[in-house]
1. Out of Ser75, Ser39, I need the residue that is outside the structural domain of Ser407 (by TED's automatic domain parsing), in contact (Cβ under 8 Å) with a residue 12 or more places away in the chain and of a type in the set (S, T, N, Q). Which one?
2. Can you find even one residue in region 427-447 that is at pLDDT below 90 and under 30 Å from Leu102 (Cα atoms)?
3. Looking at (1) at pLDDT 85 or above; (2) within 18 Å of the chain's Cα centre (by Cα); (3) not basic (Lys, Arg), which one does Ala65 not meet, given that it meets all the others?
4. Could you look through region 105-154, keep only residues that are β-branched (Val, Ile, Thr) and touching a Cys at 6+ places or on another chain (Cβ under 7 Å), and pick out the one that is farthest from Val196 (Cα to Cα)?
5. Can we say Ala91 is within 17 Å of the chain's Cα centre (by Cα) and small (Gly, Ala, Ser)?
6. Out of (1) buried (at least 19 other Cβ atoms within 10 Å of the Cβ); (2) under 24 Å from the mean Cα position of the chain (by Cα); (3) of a type in the set (A, V, I, L, M), the odd one out for Leu350 is which?
7. Here is a list: Ala328, Ala348, Ala353, Ala344. Which entry is closer than 16 Å to Ala443 by Cα and either hydroxyl-bearing (Ser, Thr, Tyr) or in the same structural domain as Val432 (by TED's automatic domain parsing) (or both)?
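The values are calculated or read from the model by the stated rules, or taken from the named source; none is laboratory data. Everything numeric here is computed off the predicted structure, so don't read it as measured data. Ideal geometry is used to build each Cβ from the backbone, glycine not excepted, and the neighbour counts take in all protein chains shown.
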Amino acid sequence: MPQRYFIVGITAFAALLLYIDRVCISILADPIQTDLALSEEQKESALGAFFFTYALFQIPVGALADRYGPRLVLSVSIALWSVVTAMTGLAWSFGALFGVRLLLGLSEAGAYPAAASLIKRWARPDERGRFNSVVSLGGRVGGAFAPTLTTTLGKLLAGVAIAGIAAGESGMNWRGVFVLYGVCGLVVALLFWLVVRDHPPEPHPEPTRVVPEQDSGADWHALPPVPPGAEPEIGEHATPPVNTAPPPFKRQLITLASNRGMWFFGTLQFCNNISWAFLVTLLPTYLKDANVDISLRSTIQTGVLLAGCVGMIVGGMVTDAIRQRLGARWGRSVPIATTMALGAAMCAVLSSAPGLWFAVTALALMAFCQDLGIPSVWAYAQDVGGKSVGAALGFGNMLGNFGAALSPRLLGETKRIGGWEAAFAICATCYVIAAICGLMLDATKPVEKPTSPPA
């Protein structure tokens, strides 16, 4: 098996762990509220704290991955968020819980920007969509199965005391779940450090030929001779690119902030995440208002999120195929714009759904369309990012997570004023804006103009 496939696989597993650690607190929120005697406002504040530090540190940690390598940044990130996850199990008050949630957002902030930088180094341009879909799929699978896994572990560990504290009045050992997840994460961090490398191995010391990647911000790879007509394995035999040091952070930040494409990219993710966050925050409330039994709610939510997983797999193949046929410009923007437009259509259907299962079908299609476009979003950042891929994806993710942080409050207030029909109208509008921004993206225009080599 080519080594780059293994690199993608372990990165996807890290993403799976990331989403389990991120999502599990929403499943355990009620037991935590009971045992720590939190008010409803305190519970909501603790849940929302994560998104603010997660958003704010996207660019800085992404820039660190560009400068010091994704292997180091991802290994440290996994270790840190695992320690913080375990610390959550030791929280004794609202202040302690709020603090560890802020730390979790900070420690997880660099995961996806660093992963994007790693994939850029190992994948050919025509593979990036598929590789991105596998990594993103890992996160979605973790989020889909976190409810069932977390609930099961909480019940199995009911009699186990953590730091001398057993399960409280809730009867759910949420402390043990957090500590167990944290320990597992430390093992994954060590494994990641031991087996992952920033670049593919160097070729054998024999005559080489140089082949450029055919995309913006291209790196140059020295390749060993290959038989006539054979396709060289760029991601497998490439030497680390020459002069790959990213510009200073201040220059990266100025370059990103002054680039029109980055603002279309960020606005796309901001609007997109307002709509997507509904699926992982308010969907159970929507089902509760539809008089769905609590046991069926989790099943429906898992099914909807699994539909997104299917979209993620298909999306990687779609964006690579369209890129080969239409080129980088439309190969990235067309899948993004189309999937966002389809998401808007599903929200319009939800506004007038005649029955529960009709609405559930529309929700599943919404999740499918949403995740169908995600590999193209990642690939765009890799195509234009050049030496600053981590910072470029971090810029979009930062604005996207501000949208996710805003979503529950915005849609919740809209629902209280105008009902779920008004909330879905907001989601549809956001998807339309995201589709327009997607059409404006041009993957042939790098964020930083390439400099001419000295004569």
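1. Among Ser75, Ser39, only Ser75 is outside the structural domain of Ser407 (by TED's automatic domain parsing), in contact (Cβ under 8 Å) with a residue 12 or more places away in the chain and of a type in the set (S, T, N, Q).
2. No, region 427-447 contains no residue that is at pLDDT below 90 and under 30 Å from Leu102 (Cα atoms).
3. (1)
4. This residue is Thr150.
5. no
6. Of the numbered conditions (1) buried (at least 19 other Cβ atoms within 10 Å of the Cβ); (2) under 24 Å from the mean Cα position of the chain (by Cα); (3) of a type in the set (A, V, I, L, M), the odd one out for Leu350 is (2).
7. After applying the criteria, what remains is Ala328.
For every residue, the table says whether it meets (1) hydroxyl-bearing (Ser, Thr, Tyr); (2) over 15 Å from the mean Cα position of the chain (by Cα); (3) surrounded by fewer than 18 Cβ atoms within 10 Å (Cβ to Cβ).
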| position | (1), (2), (3) |
| --- | --- |
| Leu363 | no, yes, no |
| Cys369 | no, yes, no |
| Ser376 | yes, no, no |
| Asp383 | no, yes, no |
| Val389 | no, no, no |
| Pro408 | no, yes, no |
| Gly418 | no, yes, yes |
| Gly438 | no, yes, no |
| Thr444 | yes, yes, yes |
